[in-house]
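Single-structure report; data block below.
The values are calculated or read from the model by the stated rules, or taken from the named source; none is laboratory data. From a predicted model like this one, the values you see are computed outputs, not experimental measurements. Cβ atoms come from the backbone with ideal geometry, glycine included; neighbour counts cover every protein chain shown. Just the protein is used for accessible areas: all its heavy atoms, side chains included, with ligands, DNA and RNA removed. Shrake-Rupley method; radii C 1.70, N 1.55, O 1.52, S 1.80 Å.
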Amino acid sequence: MSETAARPDATLRARAEIDLAALRANVRALRERAPGAALMAVVKADAYGHGAVPCARAAVEAGATWLGTATPQEALALRAEAGLPDDVRIMCWLWTPGGPWREAVEARLDVSVSGMWALDEVTGAARAAGLPARVQLKADTGLGRGGCQPGEDWEELVRAALRAEHEGLLRVTGLWSHFACADEPGHPSIAAQLTRFREMTAYAEAQGLRPEVRHIANSPATLTLPDSHFDLVRPGIAMYGVSPSPEIGAPADFGLRPVMTLSASLALVKRVPGGHGVSYGHHYTTAGETTLGLVPLGYADGVPRHASSAGPVLVAGKWRTVAGRIAMDQFVVDLGGDLPEPGAEVVLFGPGDGGEPTAEDWARAAGTIGYEIVTRIGTRVPRVYVNE
């Protein structure tokens, strides 16, 4: 009998279970953190690996009035596929020359502009579409990434946006920026960026711009910096129940619950003698006679190879550690004297309340951050939605 026919719950070699009730509860908890601001649910990168369309719908059900994506293609797909109410705004911010500006204008997306080239392209698209564009000007307040530099560059961009607004080509709907170190409590750049953001928005408003929203607060700022909330907060990773940084606290400290549980079914269980090499390079050798379990997930599925010999899993109620190297499609765990049946569940990470590891545990094992652990889970792993 094939694996897919074995039993209803084990038809999948692996699964990423997405708890939409947890996501909705997280959105409500984040709204309580910023009661005076609207909430943008950031669903870029396929909702950090959780599935953009179902997560966007759940977030809106819980009170999000904005959605955020990185690329215009992500935003256009949401507008076309999610069946969202017309009053839900969708913003996208990662543009390159020649992007789908006209499509974005016609889809009533909010588009981010950081410099004159982008303003020129979006106004050209608005003329061609015969519709005003919804534009948000991004200020570089110190992150040194996207955004317009303060001083003459910002002044030129504001003046040009005002001219285009007076011509009916666009509406400046927002002024925004992004923190560099909001996940490091007390970092001096936080206060410096807030000051610069206030100065740059004040200048734009003094020239006559009347944005609907001003926003700079990402997940850590939403959780810990009420002075940064302004008109809108933009939680991303926190919405999925993963802490932006261990330094600011665990998810439960903020009333958040991890949304994704990644599990697989043991593909093989076998006894081997002591001194048996395991996986590529034999970086792990059995200390004595033992049981090995084969987990059918690997780095092609997003399990980080850097967590070889370190990544934790829960099998038969016990924590185990990856034995040796994580391969493209599989890895091995040493089960000691236990002998579970093939098909037994292996939980890589989840909320943690069932004794299983969390995404943060895997982040420590791989020397990375929780964001990467959930976002990198690939398309070979089916998403299974519960509590829809």
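I'm checking my understanding of the structure. Among residues of the stretch 68-101 that are charged (D, E, K, R) and more than 15 Å from the chain's Cα centre (by Cα), which one is modelled with the lowest pLDDT?
Among those that are charged (D, E, K, R) and more than 15 Å from the chain's Cα centre (by Cα), it is 86.
Specify the residue that is surrounded by the most Cβ atoms within 10 Å (Cβ to Cβ); the eligible residues are those in the stretch 347-380 that are over 13 Å from residue 50 (Cα atoms) and of a type in the set (Asp, Glu).
356
Taking interchain pairs and intrachain pairs at least six residues apart, which have beta carbon atoms under 6 angstrom, with the first residue in the stretch 165-192 and in contact (Cβ under 8 Å) with a residue 60 or more places away in the chain and the second assigned to a strand (DSSP E or B)?
173/110; 173/134; 173/136; 174/136; 174/213; 176/136; 176/138; 176/215
Could you please find all residues in the stretch 311-326 being open to solvent by 10 Å² or more (accessible area, probe 1.4 Å), of a type in the set (A, V, I, L, M) and either under 27 Å from the mean Cα position of the chain (by Cα) or closer than 15 Å to residue 363 by Cα (or both)?
Matches in the stretch 311-326: 314 only.
Scan the stretch 312-319 and tell me whether some residue there is in a helix (DSSP H, G or I), within 20 Å of residue 13 (Cβ to Cβ) and out of contact with any His (no Cβ under 9 Å at 6 or more places or on another chain).
Checking the stretch 312-319: not a single residue is in a helix (DSSP H, G or I), within 20 Å of residue 13 (Cβ to Cβ) and out of contact with any His (no Cβ under 9 Å at 6 or more places or on another chain).
Give me the pairs: first residue in the stretch 118-137 and in a helix (DSSP H, G or I), second residue among the charged types (D, E, K, R), beta-carbon distance under 6 Å, and six or more apart or on different chains, which are they?
125/102; 128/102; 129/102; 129/106
Only one residue in 166, 187 is at pLDDT 95 or above, open to solvent by 20 Å² or more (accessible area, probe 1.4 Å), within 20 Å of residue 198 (Cα to Cα) and not β-branched (Val, Ile, Thr). Which one?
Going through 166, 187 in turn, just one is at pLDDT 95 or above, open to solvent by 20 Å² or more (accessible area, probe 1.4 Å), within 20 Å of residue 198 (Cα to Cα) and not β-branched (Val, Ile, Thr): 187.
Across the stretch 44-100, what is the total count of residues that are over 21 Å from residue 29 (Cβ atoms) and part of a strand (DSSP E or B)?
5
For every residue, the table says whether it meets (1) farther than 27 Å from residue 117 by Cβ; (2) open to solvent by less than 20 Å² (accessible area, probe 1.4 Å); (3) of a type in the set (Asp, Glu).
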{"site": "174", "(1), (2), (3)": "no, yes, no"}
{"site": "191", "(1), (2), (3)": "yes, no, no"}
{"site": "199", "(1), (2), (3)": "no, no, yes"}
{"site": "215", "(1), (2), (3)": "no, yes, no"}
{"site": "226", "(1), (2), (3)": "yes, no, no"}
{"site": "255", "(1), (2), (3)": "yes, no, no"}
{"site": "260", "(1), (2), (3)": "yes, yes, no"}
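Within the stretch 172-189, is there a residue that is more than 27 Å from the chain's Cα centre (by Cα) and either of a type in the set (Gly, Ala, Ser) or on the phi < 0 side of the Ramachandran plot (or both)?
no
Could you list, in sequence order, the residues of the stretch 40-55 that are in contact with a strand residue (DSSP E or B) (Cβ under 7 Å, 6 or more places away or on another chain), small (Gly, Ala, Ser) and either surrounded by fewer than 24 Cβ atoms within 10 Å (Cβ to Cβ) or without any contact (Cβ under 8 Å) to a residue 24 or more places away in the chain (or both)?
Once the filter is applied, which keeps residues that are in contact with a strand residue (DSSP E or B) (Cβ under 7 Å, 6 or more places away or on another chain), small (Gly, Ala, Ser) and either surrounded by fewer than 24 Cβ atoms within 10 Å (Cβ to Cβ) or without any contact (Cβ under 8 Å) to a residue 24 or more places away in the chain (or both), the stretch 40-55 yields only 51.
Just one of 209, 223 is assigned to a loop (DSSP other than H, G, I, E, B) and at pLDDT 95 or above; which is it?
209
When the residues of the stretch 262-281 are filtered to those that are touching a residue at least 40 places away in the same chain (Cβ under 8 Å) and open to solvent by 50 Å² or more (accessible area, probe 1.4 Å), which remaining residue is farthest from residue 180 (Cα to Cα)?
For the stretch 262-281, the residue satisfying everything is 271.
Taking the condition modelled with pLDDT of 95 or more, assigned to a loop (DSSP other than H, G, I, E, B) and either polar (S, T, N, Q) or on the phi > 0 side of the Ramachandran plot (or both), does residue 378 pass?
Against the criterion (modelled with pLDDT of 95 or more, assigned to a loop (DSSP other than H, G, I, E, B) and either polar (S, T, N, Q) or on the phi > 0 side of the Ramachandran plot (or both)), residue 378 does not qualify.
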